[in-house]
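Single-structure report; data block below.
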Ligand code: ATP
Ligand code: MG
């Protein structure tokens, strides 16, 4: 299955990591690639980074979002995509999470067709979960399951700062 968790509401990455937790519970080998390195050290990284069943890769710092050095950002995205490609061609990995991948396609940091082709050619038994806002129509088309999480209300808008365990 290819699952896409998109939309502006909170709960995309946390849901995806819930599936990684389920899979690990069943003894399945998993791969995680995070395309955006957040400001805070997140609990899921601390939990899974040294887990024998999880291969965890986080995009190196240096990705700016400020497009001051777009070439450097593209290089960082491509290096991270290489890590994703090794997982997506590895028969022994049952579940792959590509966290925040959608932004790499939306902003053209990765070649969309190349990403879609690699996803299509992955091992037949391998599940892939993609998260991030504004998933592209082609990705939604390829997916088997798509959930769009709606931002009905968020504590952040009431001035409440990020909470350990809930937000990271
Ligand atoms: P989570 O990691 O909680 O599952 P997410 O993956 O759905 O969130 P992202 O778009 O990746 O959301 O945003 C990452 C961070 O921004 C998280 O700390 C999350 O709590 C926060 N966040 C997500 N959606 C909103 C929102 N609508 N308003 C404010 N903050 C948000
Ligand atoms: Mg997220």
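Please go through the stretch 124-168 and pick out each residue that is within 15 Å of ligand 2 (Cβ to nearest atom) and under 21 Å from residue 114 (Cα atoms).
Passing the criteria: 129, 130, 131, 132, 133, 134, 135.
Consider the stretch 48-61. How many of its residues are outside any loop (DSSP other than H, G, I, E, B) and either under 22 Å from residue 74 (Cβ atoms) or within 16 Å of ligand 2 (Cβ to nearest atom) (or both)?
Total satisfying the criteria: 4.
I'd like to verify a number: residues in the stretch 143-153 that are within 16 Å of residue 100 (Cα to Cα) and either out of contact with any strand residue (DSSP E or B) (no Cβ under 9 Å at 6 or more places or on another chain) or part of a loop (DSSP other than H, G, I, E, B) (or both), how many?
2
Applying the selection to the stretch 100-142, what residues are surrounded by 14 or more Cβ atoms within 10 Å (Cβ to Cβ), without any contact (Cβ under 8 Å) to a residue 60 or more places away in the chain and not in a loop (DSSP other than H, G, I, E, B)?
105, 106, 112, 115, 116, 118
Consider the stretch 45-56. How many of its residues are in contact with a strand residue (DSSP E or B) (Cβ under 8 Å, 6 or more places away or on another chain) and in contact (Cβ under 8 Å) with a residue 12 or more places away in the chain?
Residues flagged as in contact with a strand residue (DSSP E or B) (Cβ under 8 Å, 6 or more places away or on another chain) and in contact (Cβ under 8 Å) with a residue 12 or more places away in the chain within the stretch 45-56 amount to 6.
Please go through the stretch 10-27 and pick out each residue that is more than 15 Å from ligand 1 (Cβ to nearest atom) and surrounded by fewer than 16 Cβ atoms within 10 Å (Cβ to Cβ).
The answer is 22, 25, 26, 27.
When residues of the stretch 1-31 are filtered for being within 12 Å of ligand 2 (Cβ to nearest atom) and either in a helix (DSSP H, G or I) or closer than 23 Å to residue 79 by Cβ (or both), how many remain?
Total satisfying the criteria: 6.
How about the stretch 22-37: which of its residues are more than 12 Å from the chain's Cα centre (by Cα) and in contact (Cβ under 8 Å) with a residue 24 or more places away in the chain?
Scanning the stretch 22-37 gives 23, 24, 27, 28, 29, 30.
May I ask you to verify whether residue 90 is more than 16 Å from ligand 2 (Cβ to nearest atom) and modelled with pLDDT under 95? Reasoning before the result, please.
On the way: more than 16 Å from ligand 2 (Cβ to nearest atom): yes; modelled with pLDDT under 95: no.
Spelling it out, it is not the case that residue 90 is more than 16 Å from ligand 2 (Cβ to nearest atom) and modelled with pLDDT under 95.
The values are calculated or read from the model by the stated rules, or taken from the named source; none is laboratory data. Quick caveat: nothing in here was measured; it's all calculated off a predicted structure. Glycine also receives a Cβ, built like all others from the backbone with ideal geometry; neighbour counts cover every protein chain displayed.
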